[in-house]
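Trainee: Take a look at this one; I'll ask things after.
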Amino acid sequence: MATGRYKIQKDNDWNAIFYRFKQGGKFDIISSIGIQIPKGRWSDSKQEVLPTPQVKHKDINIKLKEFNSFVIKEYETTKLIDELTLINSKWLKEKIDVFFTRESKDEEVNHKQFFSNFIELFIEESKTKKSRNNTPIKKRTIQHYNTTLIKIIAFEEHIGKTTKLSEINLNFHSHFIHFLENVQHLNPNTIGGYIDDIKLFIRNAEGKGLNVSNEHKLKNFYSPSNKTKDIYLKEDEINLIYEMKFEQDFLDNARDWLIIGLRTGLRVSDLLTLKENDVIDGFIEIRNKKTDFPVIIPLHSDVANILSKRNGKFPRKISDQNFNDYIKIVAEKSGITEIVEGAKITEVKIKVNGKEETIHRKIFGKYPKNELVTSHICRRSFATLHYGKVDTLTIMKITGHKTEKQFLDYIKITPKEYAEKLKAYWSSIKY
(Lines give C-alpha, C1' and ligand atoms only; values in the text may rest on other atoms or scores of the structure.)
Protein backbone atom coordinates (compact mmCIF):
# COMPACT_ATOMS: atom_id res chain seq x y z
CA MET A 1 0.00 0.00 0.00
CA ALA A 2 1.25 3.49 -0.87
CA THR A 3 2.11 5.69 2.12
CA GLY A 4 3.23 9.25 2.64
CA ARG A 5 5.32 10.92 5.32
CA TYR A 6 6.67 14.41 5.93
CA LYS A 7 10.22 15.25 6.90
CA ILE A 8 12.58 18.17 7.42
CA GLN A 9 15.86 17.73 5.53
CA LYS A 10 17.90 20.62 6.95
CA ASP A 11 18.43 22.41 10.24
CA ASN A 12 18.41 26.06 9.17
CA ASP A 13 16.57 28.96 10.81
CA TRP A 14 13.69 28.20 8.41
CA ASN A 15 13.20 24.80 6.78
CA ALA A 16 11.00 23.47 3.99
CA ILE A 17 8.66 20.59 4.68
CA PHE A 18 9.22 17.69 2.27
CA TYR A 19 6.71 14.97 1.43
CA ARG A 20 7.90 11.42 0.73
CA PHE A 21 5.53 9.11 -1.12
CA LYS A 22 6.43 5.45 -1.59
CA GLN A 23 5.11 1.96 -2.24
CA GLY A 24 7.49 -0.97 -1.74
CA GLY A 25 9.86 -1.30 -4.68
CA LYS A 26 7.47 0.40 -7.15
CA PHE A 27 8.39 4.00 -6.40
CA ASP A 28 9.96 6.21 -3.74
CA ILE A 29 9.67 9.93 -4.48
CA ILE A 30 10.10 13.11 -2.49
CA SER A 31 9.36 16.77 -3.08
CA SER A 32 9.05 20.03 -1.13
CA ILE A 33 5.44 21.09 -0.58
CA GLY A 34 6.42 24.78 -0.55
CA ILE A 35 5.76 25.43 3.15
CA GLN A 36 8.52 26.52 5.54
CA ILE A 37 8.57 26.39 9.34
CA PRO A 38 11.01 27.77 11.94
CA LYS A 39 13.88 25.71 13.31
CA GLY A 40 13.02 23.11 15.93
CA ARG A 41 9.26 23.28 15.46
CA TRP A 42 8.72 19.96 13.67
CA SER A 43 7.68 16.68 15.33
CA ASP A 44 8.58 13.69 13.18
CA SER A 45 6.70 11.26 15.40
CA LYS A 46 3.51 13.33 15.43
CA GLN A 47 3.96 14.38 11.78
CA GLU A 48 2.99 17.96 12.62
CA VAL A 49 4.25 21.47 13.26
CA LEU A 50 4.69 22.22 16.95
CA PRO A 51 3.03 25.34 18.44
CA THR A 52 4.82 28.54 17.43
CA PRO A 53 3.73 32.17 16.99
CA GLN A 54 5.84 32.46 13.83
CA VAL A 55 3.43 30.52 11.59
CA LYS A 56 -0.21 29.42 11.68
CA HIS A 57 0.75 25.95 12.89
CA LYS A 58 -2.83 24.70 13.36
CA ASP A 59 -3.81 25.60 9.78
CA ILE A 60 -0.62 24.01 8.41
CA ASN A 61 -1.25 20.76 10.31
CA ILE A 62 -4.78 20.54 8.94
CA LYS A 63 -3.43 21.07 5.41
CA LEU A 64 -0.76 18.39 5.90
CA LYS A 65 -3.37 15.78 6.83
CA GLU A 66 -5.64 16.81 3.97
CA PHE A 67 -2.79 16.72 1.46
CA ASN A 68 -1.69 13.22 2.48
CA SER A 69 -5.25 11.93 2.02
CA PHE A 70 -5.49 13.81 -1.30
CA VAL A 71 -2.31 12.23 -2.73
CA ILE A 72 -3.32 8.70 -1.74
CA LYS A 73 -6.79 9.19 -3.27
CA GLU A 74 -5.25 10.61 -6.46
CA TYR A 75 -2.92 7.64 -6.68
CA GLU A 76 -5.74 5.13 -6.29
CA THR A 77 -7.80 6.99 -8.93
CA THR A 78 -4.81 7.05 -11.30
CA LYS A 79 -4.38 3.28 -10.98
CA LEU A 80 -8.02 2.71 -11.92
CA ILE A 81 -7.96 5.05 -14.92
CA ASP A 82 -4.50 4.41 -16.38
CA GLU A 83 -2.12 1.85 -14.91
CA LEU A 84 0.63 3.04 -17.29
CA THR A 85 0.85 6.50 -15.68
CA LEU A 86 4.33 7.04 -14.24
CA ILE A 87 4.28 7.83 -10.52
CA ASN A 88 7.40 9.97 -10.37
CA SER A 89 8.62 13.35 -9.14
CA LYS A 90 6.78 15.17 -11.91
CA TRP A 91 3.50 13.45 -10.93
CA LEU A 92 3.99 14.35 -7.26
CA LYS A 93 4.88 18.00 -8.01
CA GLU A 94 1.71 18.32 -10.11
CA LYS A 95 -0.38 17.02 -7.20
CA ILE A 96 1.30 19.54 -4.89
CA ASP A 97 0.50 22.38 -7.31
CA VAL A 98 -3.09 21.22 -7.66
CA PHE A 99 -3.76 20.84 -3.94
CA PHE A 100 -2.12 24.07 -2.85
CA THR A 101 -3.72 26.02 -5.74
CA ARG A 102 -0.49 26.84 -7.50
CA GLU A 103 -0.33 27.08 -11.25
CA SER A 104 1.71 24.33 -12.81
CA LYS A 105 4.07 24.65 -15.77
CA ASP A 106 1.92 21.96 -17.35
CA GLU A 107 -1.05 23.72 -19.02
CA GLU A 108 -3.01 20.48 -19.15
CA VAL A 109 -2.87 20.28 -15.36
CA ASN A 110 -3.96 23.93 -15.02
CA HIS A 111 -6.92 23.37 -17.35
CA LYS A 112 -8.14 20.57 -15.10
CA GLN A 113 -7.59 22.49 -11.88
CA PHE A 114 -8.32 26.21 -12.27
CA PHE A 115 -11.62 27.69 -13.40
CA SER A 116 -10.29 30.48 -15.62
CA ASN A 117 -7.80 28.09 -17.27
CA PHE A 118 -10.61 25.62 -17.94
CA ILE A 119 -12.75 28.37 -19.49
CA GLU A 120 -9.88 29.31 -21.83
CA LEU A 121 -9.76 25.69 -23.05
CA PHE A 122 -13.57 25.58 -23.31
CA ILE A 123 -13.55 28.69 -25.52
CA GLU A 124 -10.85 27.27 -27.79
CA GLU A 125 -12.79 24.01 -28.17
CA SER A 126 -16.00 26.00 -28.89
CA LYS A 127 -14.40 27.51 -31.99
CA THR A 128 -14.49 24.11 -33.71
CA LYS A 129 -17.39 22.52 -31.82
CA LYS A 130 -20.87 21.94 -33.26
CA SER A 131 -24.17 22.79 -31.56
CA ARG A 132 -27.04 20.35 -31.03
CA ASN A 133 -28.30 21.31 -34.49
CA ASN A 134 -24.91 20.33 -35.95
CA THR A 135 -24.06 23.97 -36.72
CA PRO A 136 -20.91 25.84 -35.60
CA ILE A 137 -21.05 27.73 -32.30
CA LYS A 138 -21.84 31.34 -33.22
CA LYS A 139 -19.16 34.02 -32.86
CA ARG A 140 -21.53 36.06 -30.72
CA THR A 141 -21.87 33.16 -28.27
CA ILE A 142 -18.10 32.74 -28.08
CA GLN A 143 -17.76 36.50 -27.50
CA HIS A 144 -20.09 36.15 -24.51
CA TYR A 145 -17.97 33.26 -23.16
CA ASN A 146 -14.94 35.58 -23.42
CA THR A 147 -16.77 38.37 -21.58
CA THR A 148 -17.68 35.93 -18.79
CA LEU A 149 -14.01 34.88 -18.56
CA ILE A 150 -13.00 38.55 -18.25
CA LYS A 151 -15.46 38.96 -15.36
CA ILE A 152 -14.10 35.82 -13.64
CA ILE A 153 -10.52 37.11 -13.94
CA ALA A 154 -11.58 40.54 -12.62
CA PHE A 155 -13.25 38.82 -9.65
CA GLU A 156 -10.10 36.80 -8.92
CA GLU A 157 -8.00 39.97 -9.00
CA HIS A 158 -10.51 41.59 -6.63
CA ILE A 159 -10.28 38.79 -4.05
CA GLY A 160 -6.58 38.16 -4.68
CA LYS A 161 -7.02 34.46 -5.29
CA THR A 162 -7.20 32.06 -8.21
CA THR A 163 -10.39 30.00 -8.17
CA LYS A 164 -10.33 26.23 -8.54
CA LEU A 165 -13.00 24.31 -10.45
CA SER A 166 -13.95 22.55 -7.24
CA GLU A 167 -14.62 25.94 -5.59
CA ILE A 168 -17.49 26.92 -7.91
CA ASN A 169 -20.08 26.47 -5.20
CA LEU A 170 -22.74 28.50 -3.40
CA ASN A 171 -20.08 30.51 -1.59
CA PHE A 172 -18.48 31.48 -4.91
CA HIS A 173 -21.95 32.22 -6.36
CA SER A 174 -22.77 34.62 -3.52
CA HIS A 175 -19.44 36.49 -3.63
CA PHE A 176 -19.31 36.66 -7.43
CA ILE A 177 -22.81 38.16 -7.67
CA HIS A 178 -21.96 40.65 -4.91
CA PHE A 179 -18.83 41.67 -6.88
CA LEU A 180 -20.77 42.15 -10.12
CA GLU A 181 -23.52 44.13 -8.37
CA ASN A 182 -21.46 46.35 -6.08
CA VAL A 183 -18.08 46.66 -7.79
CA GLN A 184 -18.95 46.26 -11.46
CA HIS A 185 -22.41 47.88 -11.03
CA LEU A 186 -24.13 45.46 -13.41
CA ASN A 187 -27.88 44.86 -13.59
CA PRO A 188 -29.46 41.49 -12.65
CA ASN A 189 -30.19 40.39 -16.23
CA THR A 190 -26.56 40.92 -17.26
CA ILE A 191 -25.33 39.05 -14.19
CA GLY A 192 -27.77 36.23 -14.93
CA GLY A 193 -26.16 35.79 -18.35
CA TYR A 194 -22.75 35.28 -16.74
CA ILE A 195 -24.14 32.77 -14.22
CA ASP A 196 -25.77 30.84 -17.11
CA ASP A 197 -22.34 30.58 -18.77
CA ILE A 198 -20.73 29.45 -15.52
CA LYS A 199 -23.29 26.65 -15.15
CA LEU A 200 -22.52 25.59 -18.74
CA PHE A 201 -18.76 25.56 -18.06
CA ILE A 202 -19.17 23.49 -14.89
CA ARG A 203 -21.50 20.98 -16.57
CA ASN A 204 -18.89 20.55 -19.28
CA ALA A 205 -16.12 20.06 -16.69
CA GLU A 206 -18.30 17.54 -14.86
CA GLY A 207 -18.87 15.68 -18.13
CA LYS A 208 -15.10 15.39 -18.53
CA GLY A 209 -14.81 13.78 -15.13
CA LEU A 210 -13.09 16.75 -13.46
CA ASN A 211 -13.43 17.55 -9.78
CA VAL A 212 -16.36 19.98 -9.44
CA SER A 213 -18.85 20.86 -6.71
CA ASN A 214 -22.41 19.60 -7.11
CA GLU A 215 -23.75 22.84 -5.65
CA HIS A 216 -24.17 24.35 -9.13
CA LYS A 217 -27.21 22.08 -9.46
CA LEU A 218 -28.97 23.55 -6.43
CA LYS A 219 -31.83 26.04 -6.75
CA ASN A 220 -29.83 28.57 -4.74
CA PHE A 221 -27.25 28.66 -7.54
CA TYR A 222 -29.69 30.84 -9.48
CA SER A 223 -29.27 33.22 -12.40
CA PRO A 224 -30.46 36.70 -11.30
CA SER A 225 -33.02 38.48 -13.45
CA ASN A 226 -35.46 41.34 -13.21
CA LYS A 227 -38.50 42.51 -15.10
CA THR A 228 -37.20 45.30 -17.30
CA LYS A 229 -39.39 48.25 -18.25
CA ASP A 230 -38.41 48.23 -21.92
CA ILE A 231 -40.50 50.51 -24.08
CA TYR A 232 -42.16 49.97 -27.44
CA LEU A 233 -43.70 52.34 -29.97
CA LYS A 234 -47.46 52.38 -30.39
CA GLU A 235 -49.15 52.57 -33.76
CA ASP A 236 -49.92 56.30 -33.52
CA GLU A 237 -46.29 57.02 -32.57
CA ILE A 238 -45.02 55.03 -35.55
CA ASN A 239 -47.35 57.01 -37.80
CA LEU A 240 -46.02 60.29 -36.37
CA ILE A 241 -42.49 59.22 -37.23
CA TYR A 242 -43.51 58.01 -40.69
CA GLU A 243 -45.29 61.30 -41.54
CA MET A 244 -42.54 63.56 -40.18
CA LYS A 245 -40.60 65.57 -42.78
CA PHE A 246 -36.85 65.84 -42.19
CA GLU A 247 -34.74 68.37 -44.05
CA GLN A 248 -31.48 66.77 -42.95
CA ASP A 249 -30.68 63.74 -45.11
CA PHE A 250 -29.06 61.70 -42.30
CA LEU A 251 -32.28 61.94 -40.24
CA ASP A 252 -34.51 61.10 -43.20
CA ASN A 253 -32.29 58.09 -43.93
CA ALA A 254 -32.33 56.93 -40.28
CA ARG A 255 -36.12 57.44 -40.06
CA ASP A 256 -36.65 55.22 -43.09
CA TRP A 257 -34.49 52.47 -41.56
CA LEU A 258 -36.44 52.81 -38.30
CA ILE A 259 -39.80 52.44 -40.07
CA ILE A 260 -38.54 49.40 -41.99
CA GLY A 261 -37.36 47.88 -38.69
CA LEU A 262 -40.68 48.57 -36.97
CA ARG A 263 -42.63 47.03 -39.89
CA THR A 264 -40.43 43.93 -40.24
CA GLY A 265 -39.43 43.12 -36.65
CA LEU A 266 -35.87 42.36 -37.75
CA ARG A 267 -32.85 42.49 -35.48
CA VAL A 268 -30.50 45.35 -36.31
CA SER A 269 -27.88 42.89 -37.59
CA ASP A 270 -30.37 41.75 -40.25
CA LEU A 271 -32.12 45.09 -40.76
CA LEU A 272 -29.15 47.28 -41.70
CA THR A 273 -27.79 44.72 -44.17
CA LEU A 274 -30.97 44.46 -46.28
CA LYS A 275 -30.33 44.70 -50.02
CA GLU A 276 -32.49 45.32 -53.06
CA ASN A 277 -32.36 41.66 -54.10
CA ASP A 278 -33.74 40.57 -50.69
CA VAL A 279 -37.17 41.71 -51.93
CA ILE A 280 -38.83 38.96 -53.99
CA ASP A 281 -42.43 39.20 -55.27
CA GLY A 282 -43.59 41.51 -52.48
CA PHE A 283 -41.75 39.67 -49.68
CA ILE A 284 -38.46 40.28 -47.87
CA GLU A 285 -36.61 36.96 -47.83
CA ILE A 286 -33.45 36.61 -45.73
CA ARG A 287 -31.64 34.17 -43.47
CA ASN A 288 -31.56 35.29 -39.84
CA LYS A 289 -27.93 35.90 -38.90
CA LYS A 290 -28.35 34.90 -35.24
CA THR A 291 -30.46 31.76 -35.69
CA ASP A 292 -29.51 30.91 -39.30
CA PHE A 293 -33.24 30.44 -39.88
CA PRO A 294 -34.98 31.54 -43.11
CA VAL A 295 -37.33 34.50 -42.58
CA ILE A 296 -39.97 35.68 -45.06
CA ILE A 297 -41.87 38.90 -44.32
CA PRO A 298 -44.54 40.50 -46.51
CA LEU A 299 -43.84 44.11 -47.50
CA HIS A 300 -45.82 46.51 -45.32
CA SER A 301 -47.23 49.47 -47.27
CA ASP A 302 -44.91 51.84 -45.35
CA VAL A 303 -41.89 49.80 -46.42
CA ALA A 304 -43.14 49.58 -50.01
CA ASN A 305 -43.53 53.39 -50.10
CA ILE A 306 -40.01 53.93 -48.73
CA LEU A 307 -38.56 51.60 -51.36
CA SER A 308 -40.58 53.33 -54.07
CA LYS A 309 -39.31 56.72 -52.89
CA ARG A 310 -35.75 55.37 -53.19
CA ASN A 311 -36.19 53.74 -56.62
CA GLY A 312 -36.49 50.24 -55.18
CA LYS A 313 -33.40 50.52 -52.99
CA PHE A 314 -33.11 50.40 -49.22
CA PRO A 315 -31.85 53.48 -47.34
CA ARG A 316 -28.14 54.28 -47.34
CA LYS A 317 -26.04 51.99 -45.12
CA ILE A 318 -25.17 53.31 -41.64
CA SER A 319 -23.46 51.80 -38.60
CA ASP A 320 -25.36 50.35 -35.65
CA GLN A 321 -24.04 53.15 -33.43
CA ASN A 322 -25.13 55.93 -35.79
CA PHE A 323 -28.54 54.27 -36.18
CA ASN A 324 -29.00 54.26 -32.40
CA ASP A 325 -27.87 57.89 -32.10
CA TYR A 326 -29.96 59.21 -34.99
CA ILE A 327 -33.27 57.51 -34.17
CA LYS A 328 -33.29 59.22 -30.76
CA ILE A 329 -33.25 62.54 -32.60
CA VAL A 330 -35.89 61.27 -35.04
CA ALA A 331 -38.17 60.31 -32.13
CA GLU A 332 -37.63 63.64 -30.39
CA LYS A 333 -38.42 65.70 -33.49
CA SER A 334 -41.50 63.53 -34.07
CA GLY A 335 -42.82 64.47 -30.62
CA ILE A 336 -42.18 61.13 -28.87
CA THR A 337 -41.07 62.86 -25.66
CA GLU A 338 -43.46 61.83 -22.87
CA ILE A 339 -41.80 60.86 -19.58
CA VAL A 340 -41.80 57.08 -19.15
CA GLU A 341 -40.11 54.46 -16.99
CA GLY A 342 -37.21 52.67 -18.58
CA ALA A 343 -33.45 52.20 -18.61
CA LYS A 344 -30.67 53.83 -20.56
CA ILE A 345 -26.89 53.68 -20.66
CA THR A 346 -25.56 56.38 -18.35
CA GLU A 347 -22.13 57.47 -17.15
CA VAL A 348 -21.45 56.32 -13.59
CA LYS A 349 -18.57 57.52 -11.41
CA ILE A 350 -16.97 54.80 -9.27
CA LYS A 351 -13.89 54.50 -7.08
CA VAL A 352 -11.28 51.88 -8.02
CA ASN A 353 -8.29 51.57 -5.69
CA GLY A 354 -9.00 55.08 -4.43
CA LYS A 355 -9.16 56.59 -7.93
CA GLU A 356 -12.31 57.85 -9.62
CA GLU A 357 -13.23 56.13 -12.88
CA THR A 358 -16.11 56.56 -15.30
CA ILE A 359 -18.03 53.51 -16.47
CA HIS A 360 -21.21 53.18 -18.53
CA ARG A 361 -24.10 51.20 -17.08
CA LYS A 362 -27.83 50.80 -17.74
CA ILE A 363 -29.67 52.88 -15.14
CA PHE A 364 -33.41 52.50 -14.46
CA GLY A 365 -35.50 55.63 -13.98
CA LYS A 366 -37.91 58.02 -15.69
CA TYR A 367 -36.78 59.62 -18.96
CA PRO A 368 -38.21 61.30 -22.08
CA LYS A 369 -39.28 58.38 -24.26
CA ASN A 370 -37.10 59.46 -27.21
CA GLU A 371 -33.97 58.97 -25.04
CA LEU A 372 -34.89 55.30 -24.59
CA VAL A 373 -35.32 54.57 -28.31
CA THR A 374 -32.71 52.07 -29.56
CA SER A 375 -32.53 49.52 -32.35
CA HIS A 376 -34.14 46.89 -30.05
CA ILE A 377 -37.39 48.85 -30.18
CA CYS A 378 -38.04 47.62 -33.74
CA ARG A 379 -38.37 43.93 -32.92
CA ARG A 380 -40.08 44.57 -29.57
CA SER A 381 -42.68 46.94 -31.07
CA PHE A 382 -43.41 44.55 -33.94
CA ALA A 383 -43.99 41.64 -31.52
CA THR A 384 -46.08 43.69 -29.09
CA LEU A 385 -48.30 45.34 -31.70
CA HIS A 386 -49.09 42.09 -33.48
CA TYR A 387 -49.67 39.99 -30.36
CA GLY A 388 -53.34 39.04 -30.13
CA LYS A 389 -53.99 40.06 -33.73
CA VAL A 390 -51.85 37.44 -35.45
CA ASP A 391 -51.26 33.96 -34.09
CA THR A 392 -48.23 33.79 -31.82
CA LEU A 393 -46.36 31.16 -33.86
CA THR A 394 -46.45 33.38 -36.95
CA ILE A 395 -44.96 36.31 -35.02
CA MET A 396 -42.30 34.05 -33.45
CA LYS A 397 -41.22 32.80 -36.88
CA ILE A 398 -40.42 36.39 -37.83
CA THR A 399 -38.95 37.60 -34.52
CA GLY A 400 -36.91 34.40 -34.09
CA HIS A 401 -38.09 33.50 -30.56
CA LYS A 402 -37.65 29.79 -29.94
CA THR A 403 -40.24 29.35 -27.17
CA GLU A 404 -43.55 30.97 -26.35
CA LYS A 405 -42.25 31.77 -22.84
CA GLN A 406 -39.36 33.78 -24.36
CA PHE A 407 -41.81 35.56 -26.61
CA LEU A 408 -44.28 36.42 -23.83
CA ASP A 409 -41.43 37.77 -21.67
CA TYR A 410 -40.37 39.93 -24.61
CA ILE A 411 -43.63 41.69 -25.47
CA LYS A 412 -44.35 44.80 -23.45
CA ILE A 413 -48.11 45.08 -23.06
CA THR A 414 -48.96 46.41 -19.58
CA PRO A 415 -51.87 45.09 -17.44
CA LYS A 416 -53.67 48.40 -18.07
CA GLU A 417 -53.34 47.93 -21.84
CA TYR A 418 -54.76 44.41 -21.57
CA ALA A 419 -57.71 45.85 -19.63
CA GLU A 420 -58.24 48.52 -22.29
CA LYS A 421 -58.24 45.83 -24.98
CA LEU A 422 -60.94 43.93 -23.08
CA LYS A 423 -62.97 47.12 -22.61
CA ALA A 424 -62.75 47.88 -26.35
CA TYR A 425 -63.82 44.32 -27.16
CA TRP A 426 -66.87 44.57 -24.88
CA SER A 427 -67.77 47.89 -26.46
CA SER A 428 -67.68 46.29 -29.91
CA ILE A 429 -70.12 43.53 -28.99
CA LYS A 430 -73.65 44.18 -30.21
CA TYR A 431 -76.37 42.80 -27.93
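Trainee: Checking Glu341 against (1) open to solvent by 30 Å² or more (accessible area, probe 1.4 Å); (2) out of contact with any strand residue (DSSP E or B) (no Cβ under 7 Å at 6 or more places or on another chain); (3) acidic (Asp, Glu); (4) touching a residue at least 60 places away in the same chain (Cβ under 8 Å), which single condition isn't satisfied?
Mentor: So the condition that Glu341 fails would be (2).
Trainee: Of all residues in segment 292-312, count the ones that are on the phi < 0 side of the Ramachandran plot, open to solvent by less than 70 Å² (accessible area, probe 1.4 Å), in a loop (DSSP other than H, G, I, E, B) and touching a strand residue (DSSP E or B) at 6+ places or on another chain (Cβ under 9 Å).
Mentor: The total comes to 1.
Trainee: Here's something else I'd like to know. From Ile72, Ile62, Ile8, grab the single residue that is among the β-branched types (Val, Ile, Thr) and more than 44 Å from the chain's Cα centre (by Cα).
Mentor: On the way: Ile72 fails: more than 44 Å from the chain's Cα centre (by Cα); Ile62 fails: more than 44 Å from the chain's Cα centre (by Cα).
After applying the criteria, what remains is Ile8.
Trainee: Still on this model: Just checking, how many residues over segment 155-179 are over 22 Å from Arg203 (Cα atoms) and either among the polar types (S, T, N, Q) or free of Cβ contacts under 8 Å to residues at least 40 places away in the same chain (or both)?
Mentor: Step one: list which residues in segment 155-179 are over 22 Å from Arg203 (Cα atoms), which gives 157-161, 178-179.
Narrowing further to those that are either among the polar types (S, T, N, Q) or free of Cβ contacts under 8 Å to residues at least 40 places away in the same chain (or both): 157-160, 178-179.
Here the count works out to 6.
Trainee: Show the residue pairs that are 6+ apart or on different chains and have beta-carbon atoms under 8 Å apart, the first residue being within segment 370-388 and closer than 9 Å to Ile411 by Cα and of a type in the set (Gly, Ala, Ser), the second being open to solvent by less than 10 Å² (accessible area, probe 1.4 Å) and part of a helix (DSSP H, G or I).
Mentor: Ser381/Ile238; Ser381/Leu262; Ala383/Ile395; Ala383/Thr399; Ala383/Phe407
Trainee: Select from segment 219-254 the residues that are within 26 Å of the chain's Cα centre (by Cα) and open to solvent by 80 Å² or more (accessible area, probe 1.4 Å) and list them in ascending order. Step through it out loud before you land on a result.
Mentor: Narrowing segment 219-254 to residues within 26 Å of the chain's Cα centre (by Cα): 219-232.
Residues satisfying the conditions are Lys219, Asn220, Tyr222, Ser225, Lys227, Lys229.
Trainee: With (1) in a helix (DSSP H, G or I); (2) open to solvent by 50 Å² or more (accessible area, probe 1.4 Å) as the list, and Asn133 as the residue in question, which single condition is left unmet?
Mentor: It fails just one condition, (1).
Trainee: Could you check Asp13 against (1) within 24 Å of Glu74 (Cβ to Cβ); (2) without any contact (Cβ under 8 Å) to a residue 40 or more places away in the chain and say which number it fails?
Mentor: Against the list (1) within 24 Å of Glu74 (Cβ to Cβ); (2) without any contact (Cβ under 8 Å) to a residue 40 or more places away in the chain, Asp13 comes up short only on (1).
Trainee: Here is a further query. I'm told Thr358 meets every condition in (1) among the β-branched types (Val, Ile, Thr); (2) touching a His at 6+ places or on another chain (Cβ under 9 Å); (3) free of Cβ contacts under 8 Å to residues at least 12 places away in the same chain except one. Can you identify the failing condition by its number?
Mentor: (2)
Trainee: Go through segment 1-103 and tell me which strands (runs of 3 or more DSSP E), entirely inside it, have 2 or more residues that are aliphatic (A, V, I, L, M). Steps first, please.
Mentor: Values: elements: 3-8, 14-23, 27-38.
Filter on segment 1-103 gives 14-23, 27-38.
Rundown of residues vs (1) more than 21 Å from Glu94 (Cα to Cα); (2) open to solvent by less than 70 Å² (accessible area, probe 1.4 Å); (3) not hydrophobic (A, V, I, L, M, F, W, C), yes/no style:
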| site | (1), (2), (3) |
| --- | --- |
| Trp14 | yes, no, no |
| Tyr19 | no, yes, yes |
| Phe27 | no, yes, no |
| Lys39 | yes, no, yes |
| Leu50 | yes, yes, no |
| Val55 | yes, yes, no |
| Lys58 | yes, no, yes |
| Lys65 | no, no, yes |
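Trainee: Related question: Any idea which residue in segment 268-291 is modelled with the highest pLDDT, counting only those that are open to solvent by 60 Å² or more (accessible area, probe 1.4 Å) and closer than 16 Å to Arg140 by Cβ?
Mentor: Of all residues in segment 268-291, those open to solvent by 60 Å² or more (accessible area, probe 1.4 Å) come to 275-277, 280-281, 283, 285, 287, 289-290.
With closer than 16 Å to Arg140 by Cβ added as a condition, the list becomes 287, 289-290.
Numbers: Arg287: 85, Lys289: 75, Lys290: 73.
Among those residues, the one meeting the criterion is Arg287.
Trainee: Find all pairs meeting these conditions: Cβ atoms under 8 angstrom apart; at least six residues apart or on different chains; first residue within segment 306-322 and under 20 Å from Arg267 (Cβ atoms) and touching a residue at least 40 places away in the same chain (Cβ under 8 Å); second residue acidic (Asp, Glu) and open to solvent by less than 100 Å² (accessible area, probe 1.4 Å).
Mentor: Ile306/Asp256; Phe314/Glu276; Pro315/Asp256
Trainee: Here's another thing I want to ask about it. Is it the case that segment 148-165 has a residue that's open to solvent by less than 20 Å² (accessible area, probe 1.4 Å), in a helix (DSSP H, G or I) and of a type in the set (Val, Ile, Thr)?
Mentor: yes
Trainee: So Pro315 fits all but one of (1) more than 15 Å from Leu258 (Cα to Cα); (2) part of a loop (DSSP other than H, G, I, E, B); what number is the exception?
Mentor: Of (1) more than 15 Å from Leu258 (Cα to Cα); (2) part of a loop (DSSP other than H, G, I, E, B), only one is false for Pro315: (1).
Trainee: Do any residues in segment 194-218 that are surrounded by fewer than 19 Cβ atoms within 10 Å (Cβ to Cβ) have Cβ atoms under 7 Å from those of residues that are basic (Lys, Arg), where the two are at least six apart or on different chains, and which pairs are they?
Mentor: Leu210/Lys112
Trainee: Of all residues being among the hydrophobic types (A, V, I, L, M, F, W, C) and either on the phi > 0 side of the Ramachandran plot or part of a helix (DSSP H, G or I) (or both) in segment 372-395, which is surrounded by the fewest Cβ atoms within 10 Å (Cβ to Cβ)? Just the residue, please.
Mentor: Within segment 372-395, the first condition is being among the hydrophobic types (A, V, I, L, M, F, W, C), and the residues that meet it are 372-373, 377-378, 382-383, 385, 390, 393, 395.
Filter once more, keeping what is either on the phi > 0 side of the Ramachandran plot or part of a helix (DSSP H, G or I) (or both): 372, 377-378, 382-383, 385, 393, 395.
Details: Leu372: 20, Ile377: 23, Cys378: 27, Phe382: 24, Ala383: 23, Leu385: 21, Leu393: 10, Ile395: 21.
Of everything passing the filter in segment 372-395, Leu393 is surrounded by the fewest Cβ atoms within 10 Å (Cβ to Cβ).
The values are calculated or read from the model by the stated rules, or taken from the named source; none is laboratory data. What you see is a predicted model, and the numbers here were worked out from it, not measured in a lab. Cβ: placed from backbone, ideal geometry, glycine included. Neighbour counts: every protein chain shown. Side chains included, ligands, DNA and RNA excluded: accessible areas come from the protein's heavy atoms. Shrake-Rupley method; radii C 1.70, N 1.55, O 1.52, S 1.80 Å.
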